Amino acid sequence: MVTVSKPLIEQFLVKPNTSPLVIPDIPLIDLSKPESKQHLVKACQDFGFFKVVNHGVPLRFINKLESEAVNFFNSPLATKEKFGPPDPFGYGNKCIGRNGDVGWVEYLLLKAKPESDYPENFQGIVNDYVTSVKTMACEILELLADELKLQPRNVFSKLLKDEQSDSVFRVNHYPPCPEFQEKERNGSKLVGFGEHTDPQIISVLRSNNTSGLEISLRDGSWMSVPPDSESFFINVGDSLQVMTNGRFKSVKHRVVANGTKSRVSMIYFGGPPLSEKIAPLPALMQGEEDSLYKEFTWFEYKKSAFNSRLSDNRLGLFEKIIAS
């Protein structure tokens, strides 16, 4: 359980924002349909975020991992802290990163590799889940490459499949906060995980049936994403935005916690090898189109992101200034 004294609740609060003038439908894509390629590209261009069904990830893997995650987070704090503090992997709570960001959350950040050191009962379960989710993420990336007419079609997915892939897996727990209920009635929101974009190539999110995820719309308002425990939500990452020269959008998102309900989410972040150079793909540069970004390695971008605040425009340091 995350514990904090009453006066400190204020540091986790954000003021309510204005409601969207128009609430768009989140793209829903059936991966079993032939036309999914077109829908995937449109969703990445227009939204940077979408939901997939018929994804092929066995429900037993999902349910088993969630069950073990709940057991872990319900265990005594002393037991959980044996796997912390995070550096950056391990168990942590309230503090996110090393730059002052806080959230009403406890988490496990793990390497997405079979030989990694996981808490007891997690090893085989995490490996089964991550292997299956990674396969689905690679399928999505290859469908995107097909529709963009990129050769080879594994131009994106090979970065996740590489033995040196720097992918990570995160399990978040947003516990109830009874002290917040009065604030909730006043319209305040309890920050579980502050606004940010994901720096990797692609993120695959699954949560239980408790709401909390919000995405930022182009008018600056925040839209709540209805939970769906049997589907997956996909985020375009900053690196994929760069590789497509801004055609695909990395959407800013956040999690607001709940006063009465517990939320558990599981996220696979598909990242490239540390030495991989990230730059717009020449095949996507049309005519005299300029590159919007300077070339960088994933290590350089990861280090920069690690040294920034969650809400910072992390890609800003790597944008080119195009002369008009």
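Among the listed pairs K94/K320; K252/K277; K82/K111, those whose Cα-Cα separation exceeds 28 Å are K94/K320. Summed over the residues of region 126-192 and divided among them, the accessible surface reaches 42 Å² per residue at a probe radius of 1.4 Å. Report the Rg/Rh value for region 50-161, based on alpha-carbon coordinates and the Kirkwood definition of Rh. In region 50-161, Rg relative to Rh is 1.05. Using r as the Cβ-Cβ distance of D25 and L59, and R0 as 35 Å, what FRET efficiency do you calculate, to the nearest 0.05? So the FRET efficiency works out to roughly 0.90. Here's how it looks for L274: its modeled amide H is under 5 Å from those of D166, which are all 5 or more places away or on a different chain.
Protection proxy ranking for 279-289, 247-257, using the average of other Cβ atoms within 10 Å per residue and placing the highest first: 247-257, 279-289. Take 51-57, 240-246 and order them by the average number of nearby Cβ atoms within 10 Å per residue, most first; the result is 240-246, 51-57. Secondary structure note: in the chain, about 95% of the DSSP beta bridges are antiparallel. Taking amide H as placed 1.01 Å from N in the peptide plane, the amide H of F296 sits under 5 Å from that of I278, each at least 5 places away or on another chain. Between the C-alpha center of region 43-106 and that of region 286-307 there is a gap of 27 Å. Length gained on full extension, Q151 to E10, computed as 0.36 nm times the residue gap minus the Cα-Cα distance: 45.6 nm.
Rg and Dmax of the chain, based on Cα coordinates, read 19.3, 60 Å.
Remark: spin-label model distance N99-M285 equals 2.9 nm, labels positioned 7 Å along the Cα→Cβ axis. Other residues with beta-carbon under 13 Å from the beta-carbon of L148 carry, at +1 per Lys or Arg and -1 per Asp or Glu, a net charge of +2. Taking the C-alpha atoms only, the angle from helix 36-46 to the longest principal axis of the chain is near 70 degrees. Between E230 and I321, the FRET efficiency from the beta-carbon distance, with R0 = 41 Å, is close to 0.35. Close amide H contacts of V105 (hydrogens built in the peptide plane, cut-off under 5 Å, sequence separation of 5 or more or a different chain): K94. A112 sits among other residues whose Cβ lies under 10 Å from its own Cβ, and their net charge, with Lys and Arg +1 and Asp and Glu -1, is +3. The residue among H173, N209, N186 whose Cα reaches farthest toward the positive pole of the charge dipole of the chain, with charges on the beta-carbon of Lys, Arg, Asp and Glu, is N186. Three principal axis extents of region 263-324 based on alpha-carbon atoms, in descending order, are 47, 25, 23 Å. Taken as Cα centroids, region 117-137 and region 193-250 sit 21 Å apart, rounded to the nearest whole angstrom. Where only DSSP H runs of four or more residues are counted, the chain gives -7000 deg cm²/dmol as its mean residue ellipticity at 222 nm, each run worth -39500 (n - 2.57).
If you roll a 1.4 angstrom probe over the protein chains with everything in place, what fraction of the accessible area of region 1-155 belongs to carbon and sulfur, to the nearest %?
Whole-percent figure for carbon plus sulfur exposure: 54.
Charged neighbours of Q123, selected by a Cβ distance under 14 Å, balance to -2 (K, R count +1; D, E count -1).
The values are calculated or read from the model by the stated rules, or taken from the named source; none is laboratory data. What you see is a predicted model; the values in this text were computed from it and never measured. With ideal geometry, Cβ positions are generated from the backbone for all residues, glycine too; neighbour counts draw on all protein chains shown. Remember, those area values only see protein heavy atoms, side chains included, never the ligands or the DNA or RNA. Shrake-Rupley method; radii C 1.70, N 1.55, O 1.52, S 1.80 Å.
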